[in-house]
Amino acid sequence: MPVDSHAVEVILRNSIIKALPSRHPVGIIASAVVGKKEYWASCGRSSATDDTTPSIDTLFEIGSVTQLFTSLCLAVLHEKKVLSQEDPVQNFLPSSSSLTFRDEPIQLQHLATHTSGLPRVPPGFPRATRNTRENPYSVYTDEEVEKALSLVKLRVRPGRHYSFSMFGAGLLGQALTSHTDSEYESLLQSCISDPLDLKNTRFTLSPSQHKKLALGHSSRGKPVPEWQFASLAGAGGLHSTAEDLLIFLNAHTGRIRTRQSDLSHAMSHTKKMRAQITRRRQIGLGWHIEAPHKGIPQILWHNGGTGGHRCFVAFVEATKTAVVILANSNQSLDRLGFQLIRTFHTIALP
């Protein structure tokens, strides 16, 4: 039975309209793959100064969704035998000699699976960011990262327990760029952006791209500055668009084929379960994995946010269903995202 395209369009549009904060000058754009067709819907405004509705090439800060790209870079370099995901982090960051627990080192893969034992934010975070609270990670230059590393005291064995760590994800990006002797932008482009033709997934925006960046807002509708992640860019520094992120998901579901076998194999590695989070939730290299439940098969997903933006991405490989949601407000999109991916998977079933 073919997919009812009109029903999908109505569900997508009505869902984001309902999720849009009614009194704030913000916008939402959502894209989805259901069956053999792509769908798009947007509402609200991408800027408080005009009535422009977000489009497929409007740029947003994607926050922690950046970690999917960082983890995939790790998998690509592992596939190319440039390094091993089991390599100790201290081999790549000379100042990280403290990243061991009873002689067991943190491995690169532990940073990607949030099982390193590192804290959520760098040690000394409140003190270091007291003057930059609207843009907290901007202070973390190489020097500040080294200071934070000197304060680390691991209390659990690496690889045993999940505990989300922005600090760890940022260190993974640092380790990869240090080993390859390249800027993160160059590493991202060679490993992912160029092979998939992602034109707007960037850490640093060109002047023309910056004009397309949606103005971020707090949950109360107050405009907030852009976030910079300095030396911890691998944790949350990327910008992207609904168009690019849907291509990224389509490559993971196999709906589009990548031209590079290294990238295809690396993607398959990132989707494999590495650690248990809860009874029904696991984690791969970057991807959070929801176990099958009530007729819905495995869902892979990630969310992200900065001071003024939110992002949610998810896919079901069994039906090649995918959902991307972006907003220039930092109100959570998770509930909406899970609702849409489950609904659209059911519609996509033969």
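Quick note: the coordinates plus some simple rules give every number you see, no bench work behind them. Model, not experiment: these values are computed from the prediction. All Cβ positions, even for glycine, are placed from backbone atoms using ideal geometry, and neighbour counts span all protein chains on display.
Counting only DSSP H runs of at least 4 residues, each contributing -39500 (n - 2.57), and dividing by the residue count of the chain, the helix-based mean residue ellipticity at 222 nm comes to -9000 deg cm²/dmol. In terms of surrounding Cβ atoms within a 10 Å radius of their Cβ, Asp194, Asp50, Asp244 rank from fewest to most as Asp50, Asp194, Asp244. The alpha-carbon of Lys294 sits under 30 angstrom from the alpha-carbons of these lysines, leaving out residues fewer than 8 places away in its chain: Lys18, Lys36, Lys37, Lys271, Lys272, Lys320.
Fewest neighbouring Cβ atoms within 10 Å first, the residues Tyr140, Tyr184, Tyr162 line up as Tyr162, Tyr184, Tyr140. Backbone amide hydrogens, once placed in the peptide plane, bring Leu99 within less than 5 Å of nothing, excluding anything fewer than 5 places away on its chain. Based on the alpha-carbon gyration tensor of the stretch 195-310 and its eigenvalue square roots a ≥ b ≥ c, which shape applies: rounded if a/c is under 1.5, prolate if not and a/b is larger than b/c, or oblate? Judged from the Cα gyration tensor, the stretch 195-310 comes out oblate (a/c at least 1.5, b/c at or above a/b). Against the empirical curve 2.2 N^0.38 Å, the C-alpha radius of gyration of the chain lands at a ratio of 0.96.
Got a sec? Charge dipole of the stretch 5-348, +1 on Cβ for Lys and Arg, -1 for Asp and Glu; which of His24, Thr53, His210 is way out at the positive end? The one lying farthest along the dipole's positive direction is His24. Each Lys and Arg adds +1 at its Cβ and each Asp and Glu adds -1 at its Cβ; summed about the Cα centre, the stretch 203-350 shows a dipole of about 360 debye. The loop-placed trypsin sites (Lys or Arg not before Pro) in the stretch 188-222, going by DSSP, that have at most 16 neighbouring Cβ atoms within 10 Å of their Cβ come out as Lys199, Lys211, Arg220. Relative to the longest principal axis of the Cα atoms of the chain, the long axis of helix 166-180 makes an angle of roughly 70 degrees. Rounded to the nearest 10 degrees, the inclination of helix 5-19 to the longest alpha-carbon principal axis of the chain is 60 degrees.
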